[in-house]
Amino acid sequence: MIDTAGMSQRDMRLNEQLGMLKETGHDIQVYLTLAANNQRGVLTDVARAFKPIPLSGLILTKVDETTSLGGGLSIAVEHKIPIAYISDGQQVPEDLHPARAHALVSRAVSIMQDVGVGAKDDPISQMIGGMVAHANG
């Protein structure tokens, strides 16, 4: 696993590095890493910047630090990028887990119940909030 930590999606060196890796002839899988605690606009900007690159999936990090998974889930759905892994702590690889749909939805519901349904601008948050409200009667 090669991490480009600290490099902005606008940093041209990142594109150069990805190009060099692809030229090696090895089968390289590229995963977009998004911090779940970022604002939706930032997540959208990053996803758009990497749209031209064939992505194997998405790694959603800082799940333990966010007050809503709606932004990250929305980006994955809108850009048709499968969520492959989630990270919910500082210890890698111990805190890096394969993403499971049921676990992500359960986590999103749990977070929303803990902090209240306040992410009204995220379609996924609205949908999950509606499911919670409907399930609770």
Of all residues making up the stretch 36-67, the number that are among the small types (Gly, Ala, Ser) and open to solvent by 20 Å² or more (accessible area, probe 1.4 Å):
3
If a residue must be within 30 Å of Val115 (Cα to Cα), of a type in the set (Asp, Glu) and modelled with pLDDT under 85, how many such residues does the stretch 1-48 contain?
0
Only one of these is at pLDDT 90 or above and touching a Gly at 6+ places or on another chain (Cβ under 7 Å): Ala76, Ala119, Ala84. Name it.
Ala84
Going residue by residue through the stretch 92-110, is there one that turns out to be open to solvent by less than 30 Å² (accessible area, probe 1.4 Å), modelled with pLDDT under 85 and out of contact with any helix residue (DSSP H, G or I) (no Cβ under 6 Å at 6 or more places or on another chain)?
no
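The values are calculated or read from the model by the stated rules, or taken from the named source; none is laboratory data. Predicted, not measured: the structure shown is a model, and the values here were computed from it. When we count neighbours, we look across all protein chains shown, and the Cβ atoms used for this are built from the backbone with ideal geometry, even at glycine. The protein model used for the area step is the full one, side chains on, heavy atoms only, and it has no ligands, DNA or RNA in it. Shrake-Rupley method; radii C 1.70, N 1.55, O 1.52, S 1.80 Å.
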